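Comments concern the structure below.
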Amino acid sequence: MREIVTIQVGNYANFIGSHFWNFQDELLGLAEIPESDQVFKNHSLDMDVLYRTGETQQGLLTYTPRMVSVNFQGSLGSVSSRGSLYYQIPAKRLDAMAWKGRVTTHASEPLKRNLFLQSLNEEEQESVSKANDLDNVNNNSQAEIQDKDIVECLESDVQYWTDFSKVHYHPQSLYELSGLWTDIQDFDNYGLGKEAFCGHQHGEEIDDRLRFFIEECDHIQGIQCVVDDSGGFSGVSAMFLESIADEYPNVPVLLYNARNPSLHMDSKGRKQVISRNLHDAVSFSRLSELCKLIIPVGLPSLSGSRASQYLCIKDEKPYHSSAVYASAMHSFSLPFRMKQSGPSAESICTSGALDMYGMVQMLEGQMRQNMVAILDVAMPTPSLSVDRAQQSFLGNLQPLIPDIAEDVEDFHAVETMNIHGAVTSGNRRASISEIKDAVEAAYDNSVTQRPKFSHLSASTCPLPIPLPFPLIFGNMVGQHGELLETPISGSPSRGSLEVHSIPMATRLRSSTAVLPFLESKLGNLRRFGIERGALGAPLLQSWGFGKDEVEDMGEVLSKMVTTLKPHLEYSSDSD
């Protein structure tokens, strides 16, 4: 087994992680339900890649994500940082006090569980008590009403990422940064995150939590890290990743730096624009030095993008946009946990298994020394029928970051594509061979240039839609994610009660199409931070960066650009 450890740093990163683990939990649950679709019973995915087995103090077996979450203090809502599987550690009493004056204690009321978390607790109690069949029958109608109420409750009021999480976490997983509260203002730049991390000496404890999960792995294949890089958490992440690079130099780190689209909705003055542009350049430069492959994720307006043509996204809701990014993350990472059938055997459920190291070498290795990858998604992907093959896989795959060039000629492009749960004519679930044929036909019939090298992974298992998934599907999406000929009347948005699963396609590519994105970062750093008289130079100094450090960051970005555009000479020195 080749294990993966997951790291989630920052509030939005944990929103993405919450959806991601809900998908995994749904796969585990569907595999055990007798009446569920056979495709979920025989998905040929090794869930031990992401999960660990354990045991409570009472001797009960547990199965929890191999994950470390870092966030503000108070960011867990009504959920305890110790999780719900183990006894709480009682708070230490301070019996000896030097203060002789009057002592006043201010205690806040604990947050109440929302309807969804209450239902989870009730289900667990019912499973323990093993209610009789008659009771189950009598509760069927109530359960349907409850599910509808739960969906409406979550749609109207999600404040914390734990509000919609259906997963049990290990006590070592959830870490809150003491001294940083969820209502903290202006935690909006790399410098603040670095200062907060170092000033409160969080590093040692976070490192210990990661070490707990890594040291029990038999053969770790890598670390997948999701970072909310829109503010101070990029600085927190960089400090964390520095220690990982020192302690585990041979473990590849795959980094998703995510951006909440709601951040782009507020109008800002010139000073705030300069600060934001500098932060983005600094964050991207520093984080890229601490991983093997970096995948930017975050559109300024997900709702207005072509990636959401079949969706109804509200950009102001992190609960919505994070569901899309988590779906793409789940889809893209499936090859890392596909069971190997052997050199001569081919599974009828999966094809193209790939570990993290192999994928990194493919995209960032000898063929092209580019570590910035573009993540494209088709959600849901249309039918594989021959007459729509080109549209299905090439026209509907849309990037999840801005400033991506279209229709570029790149003779050295490299990509890896994953398609799962696809349907073909008559809304019949496509076989592995049909998926391969459809992709080949799509490239043969397309004017788009075929990449120099392409790897295809495929699975018959679609993306399961768990109950707490948001109402983001449009009225052209059917129960199993099929695209309908005519829209369904009624509500324009649909959720888990109407859509039970969807076919997905994702593509990760190394291409010169990412150049505008990189050039924007480099240009902003040079203009606002490096050039003589740059308006942002004092701001960078206040973040703790000297002139030499800023120029080094410029060289990092410049190298990224020249890797893809070697005939141009970029320099961070400009007077």
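The values are calculated or read from the model by the stated rules, or taken from the named source; none is laboratory data. All values reported here derive from a predicted model rather than from experimental measurement. No Cβ is skipped: glycine too gets one built from the backbone with ideal geometry, and neighbour counts run over all protein chains shown. Surface areas here come from the heavy atoms of the whole protein model, side chains and all, with no ligands, DNA or RNA. Shrake-Rupley method; radii C 1.70, N 1.55, O 1.52, S 1.80 Å.
Looking at this structure, is His455 in a strand (DSSP E or B) and open to solvent by 20 Å² or more (accessible area, probe 1.4 Å)?
yes
When you look at Thr416, is it assigned by the TED database to the domain that holds Ser501, surrounded by 15 or more Cβ atoms within 10 Å (Cβ to Cβ) and in contact with a strand residue (DSSP E or B) (Cβ under 9 Å, 6 or more places away or on another chain), yes or no?
In short, yes.
Going by the conditions given, is Leu508 open to solvent by less than 10 Å² (accessible area, probe 1.4 Å) and not in a loop (DSSP other than H, G, I, E, B)?
Considered against the rule, which asks whether it is open to solvent by less than 10 Å² (accessible area, probe 1.4 Å) and not in a loop (DSSP other than H, G, I, E, B), Leu508 comes out as yes.
Scan the range 516-567 for residues that are out of contact with any helix residue (DSSP H, G or I) (no Cβ under 7 Å at 6 or more places or on another chain), closer than 24 Å to Ala373 by Cβ and outside any helix (DSSP H, G or I) and jot them down.
Within the range 516-567, Pro566, His567 meet the criteria.
Do we find a residue being under 18 Å from the mean Cα position of the chain (by Cα), of a type in the set (S, T, N, Q) and at negative phi anywhere in the range 271-278?
There is no residue in the range 271-278 that is under 18 Å from the mean Cα position of the chain (by Cα), of a type in the set (S, T, N, Q) and at negative phi.
Return yes or no: is Met362 within 22 Å of the chain's Cα centre (by Cα) and either at pLDDT 90 or above or in a loop (DSSP other than H, G, I, E, B) (or both)?
Working: within 22 Å of the chain's Cα centre (by Cα): yes; either at pLDDT 90 or above or in a loop (DSSP other than H, G, I, E, B) (or both): yes.
So Met362 fits the description; yes.
What pairs come out if I take residues in the range 485-505 that are in contact (Cβ under 8 Å) with a residue 12 or more places away in the chain and pair them with residues that are of a type outside the set (A, V, I, L, M, F, W, C) and open to solvent by 10 Å² or more (accessible area, probe 1.4 Å) whose C-beta lies under 6 Å away, six or more apart or interchain?
Pro487/Asn475; Ile488/Asn475; Pro492/Asn475; His500/Gln479; Ser501/His480
Can you pull out the residues in the range 460-484 that are farther than 14 Å from Leu30 by Cβ and among the polar types (S, T, N, Q)?
Hits for the range 460-484 are Asn475, Gln479.
Which of the residues that make up the range 1-33 are of a type in the set (Asp, Glu) and over 15 Å from Ala323 (Cβ atoms)?
Across the range 1-33, the qualifying residues are Glu3, Glu32.
Counting only residues that are surrounded by fewer than 20 Cβ atoms within 10 Å (Cβ to Cβ) and β-branched (Val, Ile, Thr), which one in the range 208-266 is farthest from Ile295 (Cα to Cα)?
It comes out as Ile214.
Here is a list of conditions, (1) in contact with a Cys (Cβ under 9 Å, 6 or more places away or on another chain); (2) closer than 17 Å to Ser510 by Cβ; (3) not aliphatic (A, V, I, L, M), and Glu409 meets all of them except one; can you say which number that is?
(1)
Quickly run through the range 410-455 and pick out the residues that are under 24 Å from Ser327 (Cβ atoms) and in contact with a His (Cβ under 6 Å, 6 or more places away or on another chain).
Thr416
Do we find a residue being touching a Leu at 6+ places or on another chain (Cβ under 6 Å) and part of a strand (DSSP E or B) anywhere in the range 296-311?
Yes.
Whether any residue in the range 372-383 is at pLDDT below 85 and out of contact with any Lys or Arg (no Cβ under 9 Å at 6 or more places or on another chain) is what I want to check.
No, the range 372-383 contains no residue that is at pLDDT below 85 and out of contact with any Lys or Arg (no Cβ under 9 Å at 6 or more places or on another chain).
Could we say that Ser459 is over 30 Å from Asp157 (Cβ atoms), at pLDDT 95 or above and not aromatic (Phe, Trp, Tyr) here?
Values: over 30 Å from Asp157 (Cβ atoms): yes; at pLDDT 95 or above: yes; not aromatic (Phe, Trp, Tyr): yes.
Yes; evaluated as a whole, the condition is true for this residue.
It is to be established whether one or more residues within the range 167-180 are aromatic (Phe, Trp, Tyr) and either at pLDDT 90 or above or not assigned by the TED database to the domain that holds Leu263 (or both).
Yes, the conditions are met somewhere in the range 167-180.
Tell me, please, whether a residue that is more than 26 Å from the chain's Cα centre (by Cα) and at pLDDT below 95 can be found in the range 21-31.
no
Restricting attention to the range 39-58, does a residue exist that is within 20 Å of Phe116 (Cβ to Cβ) and crowded, with 22+ Cβ neighbours inside 10 Å?
Taking the range 39-58 first, the residues within 20 Å of Phe116 (Cβ to Cβ) are none.
Checking the range 39-58: not a single residue is within 20 Å of Phe116 (Cβ to Cβ) and crowded, with 22+ Cβ neighbours inside 10 Å.
Per-residue answers, yes or no, for (1) touching a residue at least 12 places away in the same chain (Cβ under 8 Å); (2) of a type outside the set (S, T, N, Q):
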residue	(1), (2)
Asn11	yes, no
Phe15	yes, yes
Phe20	yes, yes
Glu32	no, yes
Ser44	yes, no
Arg52	yes, yes
Glu55	no, yes
Gly59	no, yes
Phe72	yes, yes
